[in-house]
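Since the structure comes first, as structure tokens, the remarks are kept for the end.
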2 protein chains.
Amino acid sequence: MENRAIPLHRRIRAAIEDKILSGGWPPGTRIPAETELAATYNCARMTVNKALTELAADGLIERRRKSGSVVKRPVLQSAVLEIHDIKAEVEAAGFAYRYRVERQKVREATRADCDRLQLDAPVPVLALTCLHLADNRPFCWEDRVISLSAVPQAQDASFDHQSPGAWLIDEVPWSAAEHRISAVAADASLSALELTPSTPCLAIERRTWNADKPVTHVRLIYPGDAHALVARFAPSKAG
Amino acid sequence: MENRAIPLHRRIRAAIEDKILSGGWPPGTRIPAETELAATYNCARMTVNKALTELAADGLIERRRKSGSVVKRPVLQSAVLEIHDIKAEVEAAGFAYRYRVERQKVREATRADCDRLQLDAPVPVLALTCLHLADNRPFCWEDRVISLSAVPQAQDASFDHQSPGAWLIDEVPWSAAEHRISAVAADASLSALELTPSTPCLAIERRTWNADKPVTHVRLIYPGDAHALVARFAPSKAG
DNA sequence: ATGTTTGTTATGTATAGACATAATGAACAG
DNA sequence: CTGTTCATTATGTCTATACATAACAAACAT
């Protein structure tokens, strides 16, 4: 009477993962060969292969021809970071979300804009600053440049009903992104956040590309005491 | 004359990924059925299946029986965060790494320790504070508690030649972790970092479990101007 | 109109077999 | 002793096939 609900390759995967996570198979342990595991679970080698392929993709094992698969040393440095959409984040906390576009200006890219977008030559850009509020209290300050060469339709877009970030996700289909997280002190440029000067803040910079073209660069500033980023690394959840 | 070096299922995957990332197939687009793709690439359905399974695991497509696979809306919030090992991080930047254990004490868990380890009942813990240096200049302050119930051998461990973090990775085979990143102001407890008071700092807290037992909680404090975390999200790299 | 049954379709899982490829180690030749 | 060759082995990829399952849609009954 086996559990028919869970597919076999997942059960095999879970069994091996359990051995590794419980310490039964410490790093360096040589995992039984695919054919041996297939015999153990009374199934085809391909089924075991699928399980091992997933474990390798998650970084729990390392596979080598001939010598077989071995348990890898843990690499704690890789974690899935969840950077939520600001609106969703505020509403998840049970607050009313609002935002206000403070400045919206089309200009030829300055030197600083080129650095932010990692552009060599100046192109027209849309520069935006924006204040996000939770229950009418300042929550996050946004400073953004959008390349009008990559997203020309941004020039005539209205951000009355949709924040620039949400608009871009709808407008630019899929993209690669790079995040940079650092700590900064509140200064005059962040007066909209109504903080005591030199309050520590979390600065999240996000650079986005689409088909290798720079799309946008945002700088989000959160008051440090009011916000934290949470990242989880749990091998069993991945895949 | 096909490229024989790259397996077919990867080429199929790359081709579809390219369509999605370039905007050719915007979110919501219905992807050709597995059998159609198999006909296109003149291969078995299983090969296409493998490619689509990987794309689904990376979150680029969503698969539904009967209706077929569709391109998902991008989810920028998920990114792989690289939290490097401090020694590797310092040495990668070309500095000489050193560390100094400032305090090392075994005690019954205090109320605060229980909160940090998410324990209900107090157990013996090892409390450590540690200063990490790059070229003999303070680089990072570490404040750690280790549950001696989960890792009894920590009681007699020497951290002369290996930092507590590195020792734990060797000692505790595999684990799940949770990271919390926030901004704090430097205060008296961080005097070892030799910072001007109220300098913004990046605080990284990491909680680690092994087989559902709390193992350790670290608080790492980096001077904010000297450090940043970088996370990347590029679908083509994953898997 | 509303609910149920039934068929169709596309994906999900699994098998068995085939050949490719990389790594290891043993036998061999210099 | 050293370098080469070659057989062995375990994984990597791919095929062809089979049946399961979820979802939708059309036909049917109430």
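Brief remarks follow.
- Residues that are open to solvent by less than 30 Å² (accessible area, probe 1.4 Å), within 14 Å of chain A (Cβ to nearest Cβ) and within 16 Å of DNA strand C (Cβ to nearest atom) do not occur anywhere in the range B:135-146.
- Listed by first and then second residue, the pairs with beta-carbon distance under 7 Å, at least 6 apart or on different chains, first residue in the range B:80-108 and at pLDDT 95 or above and surrounded by 16 or more Cβ atoms within 10 Å (Cβ to Cβ), second small (Gly, Ala, Ser) and not in a strand (DSSP E or B), are B:TYR99/B:SER163.
- Residue in the range A:154-168 that is assigned to a strand (DSSP E or B) and either of a type in the set (Phe, Trp, Tyr) or within 16 Å of A:HIS227 (Cα to Cα) (or both) present: no
- Enumeration of residues in the range B:54-79 that are of a type in the set (A, V, I, L, M), open to solvent by less than 60 Å² (accessible area, probe 1.4 Å) and in contact (Cβ under 8 Å) with a residue 24 or more places away in the chain: B:LEU55, B:LEU60, B:ILE61, B:VAL70, B:VAL71, B:LEU76, B:ALA79
- The set of residues in the range A:147-170 being surrounded by 18 or more Cβ atoms within 10 Å (Cβ to Cβ), within 11 Å of chain B (Cβ to nearest Cβ) and not aliphatic (A, V, I, L, M) consists of A:GLY165 alone.
- Taking residues in the range B:154-174 that are β-branched (Val, Ile, Thr), and partners anywhere that are not in a loop (DSSP other than H, G, I, E, B), the pairs with Cβ atoms closer than 6 Å and at least 6 places apart or on different chains are B:VAL172/B:ASN210; B:VAL172/B:VAL215.
- Restricting attention to the range B:33-44, the residues being touching a strand residue (DSSP E or B) at 6+ places or on another chain (Cβ under 9 Å) and crowded, with 16+ Cβ neighbours inside 10 Å number 1.
- Of all the listed residues (A:THR29, A:THR47), the sole one being within 13 Å of DNA strand C (Cβ to nearest atom) and either under 24 Å from the mean Cα position of the chain (by Cα) or open to solvent by less than 50 Å² (accessible area, probe 1.4 Å) (or both) is A:THR47.
- Scanning the range B:204-215 for residues being within 25 Å of A:ASP225 (Cβ to Cβ) and more than 8 Å from every other protein chain (Cβ to nearest Cβ) gives a total of 3.
The values are calculated or read from the model by the stated rules, or taken from the named source; none is laboratory data. What you see is a predicted model; the values in this text were computed from it and never measured. Positions of Cβ are generated from backbone atoms using ideal geometry, with glycine treated the same way; all protein chains shown enter the neighbour counts. Surface accessibility is based on the protein's heavy atoms, side chains included, excluding ligands, DNA and RNA. Shrake-Rupley method; radii C 1.70, N 1.55, O 1.52, S 1.80 Å.
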